[in-house]
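Peer 1: The structure is given below, and queries will be raised subsequently.
Taken together, the values in this text are just the output of simple stated rules run on the coordinates, not laboratory data. Because the structure is predicted, anything quoted here is derived from the model rather than measured. Backbone-built Cβ (ideal geometry, glycine too); neighbour counts: all protein chains shown.
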Amino acid sequence: MKFIDSIEDFQKGIVLPINKPYEWTSFDVVKKIKNQISKKLRQKLNIRVRNFKVGHAGTLDPLAEGLVLVCTGKATKKINELMLAEKEYVATIMLGKTTPSFDLETSYDHTYPIEHINENMVKEVLHNFIGEQQQTPPVFSAKNINGKRAYEYARKGEEVEMKSNLITISDIELVAYNMPYISFRVVCSKGTYIRSMARDIGEKLSSGALLTKLTRTRIGNYTIESSITLQEFEKKLVIL
């Protein structure tokens, strides 16, 4: 982390590109980093920081991994700007089955044929996603519905109307074809749900599909290659 020279830098404001581990929430990452920095500030500067700000620029699902931007101090003012930035993901989906959550959070609910699907069909379907379009978010999502998260209704079995959002897919390409699994890279706008893309890909292939793996590889100019793990961050704090 060459961009961190001293513990005071966190107060001035830093954007930390963190590689979020599988099954962690974005809030878990922020909480961990905030606690570690606050502890270091007390040890190093002998001060108690009550209102030290730490936040993240864009939620990543627990079952996804990859880039999360954690902003500290005055850099938290950049959060809204960073959230608007273009995102890139690498996703793997399984064709032929669906779940209510469009991923592995819930159990399979339907099975569909896949024998009619070939690689050229998949490439054509993916290509047709490029451009502006309306997308309906998953009901198992953090989308705010009447003051509650959509997943709170879903987990109770309550029906809720999910309104579609305008999104943009700038680029998409097939990176692996190994039926019933396919992997693709996608560049998209804020508010795009890759789980919803999995559902829609399955439908366009006259089958079903669910997301089995997701890695966020880029947010704006920040890339997964420039990110650090939580373990690397902790080691860096020790020597500051």
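Peer 1: At each listed q (0.10, 0.13, 0.14, 0.16 Å⁻¹), what is the log10 of I(q)/I(0) that the Debye formula gives for the chain modelled as equal alpha-carbon point scatterers?
Peer 2: Taking Cα atoms of the chain as identical point scatterers yields -0.53, -0.83, -0.93, -1.13.
Peer 1: Measure nothing fancy, just the Cα-based angle from helix 26-45's long axis to the longest principal axis of the chain, in degrees from 0 to 90, nearest 10.
Peer 2: Rounded to the nearest ten degrees, it is 10.
Peer 1: Which value, to two decimals, describes the C-alpha radius of gyration of segment 81-138 once divided by 2.2 N^0.38 Å?
Peer 2: Working: Rg = 14.6 Å, N = 58, 2.2 N^0.38 = 10.3 Å.
Taking the Cα Rg and dividing by 2.2 N^0.38 Å, one obtains 1.42.
Peer 1: Please give the contour-minus-distance gain from residue 235 to residue 111: 0.36 nm per residue of separation, less the Cα-Cα distance, rounded to one decimal in nm.
Peer 2: The span from residue 235 to residue 111 would gain 40.0 nm if fully extended.
Peer 1: Using θ = phi - 60° and the Karplus relation 6.51 cos²θ - 1.76 cosθ + 1.60, list the HN-Hα couplings for segment 105-112 in order, rounded to whole Hz, with x at every Gly or Pro.
Peer 2: Result, ordered by residue: 5, 10, 7, 4, 10, 8, 10, 9 Hz.
Peer 1: Express in nm, to one decimal, how much length is gained between residue 177 and residue 7 on full extension, taking 0.36 nm for each residue of separation and deducting their alpha carbon distance.
Peer 2: Gain on extension, residue 177 to residue 7, equals 56.5 nm.
Peer 1: Sticking with this one: Any of 31/78; 87/123; 34/78; 31/190; 74/236; 143/235 with alpha carbons more than 28 Å apart? Name them for me.
Peer 2: The answer is 143/235.
Peer 1: Working out 0.36 nm times the residue gap between residue 44 and residue 86, then minus their Cα-Cα distance, what length gain in nm do you get to one decimal?
Peer 2: Between residue 44 and residue 86, full extension yields an extra 11.4 nm.
Peer 1: Separate question: Helix 230-239 versus the longest principal axis of the chain: what angle, 0 to 90°, nearest 10, using Cα atoms?
Peer 2: It works out to around 10 degrees.
Peer 1: Given a Förster distance of 25 angstrom, what is the FRET efficiency for residue 127 paired with residue 166, based on the Cβ-Cβ distance and rounded to 0.05?
Peer 2: E between residue 127 and residue 166, to the nearest 0.05, is 0.80.
Peer 1: If you fit an axis through the alpha-carbon atoms of helix 194-204 and take the longest principal axis of the Cα set of the chain, what angle between them do you get, 0 to 90°, nearest 10?
Peer 2: Helix 194-204 sits at roughly 10 degrees to that axis.
Peer 1: Next question. Starting from the Cα gyration tensor of segment 87-219, take the square roots of the eigenvalues, sort them a ≥ b ≥ c, and report rounded, prolate or oblate (rounded when a/c is under 1.5, otherwise prolate if a/b is larger than b/c, else oblate).
Peer 2: Oblate shape, in that a/c is at least 1.5 and b/c is the bigger or equal ratio.
Peer 1: Which order do peptides 35-42, 15-22 fall in by mean Cβ count within 10 Å, highest first? Write out the running numbers ahead of the final one.
Peer 2: Values: 35-42: 15.9, 15-22: 19.9.
Top of the packing list down: 15-22, 35-42.
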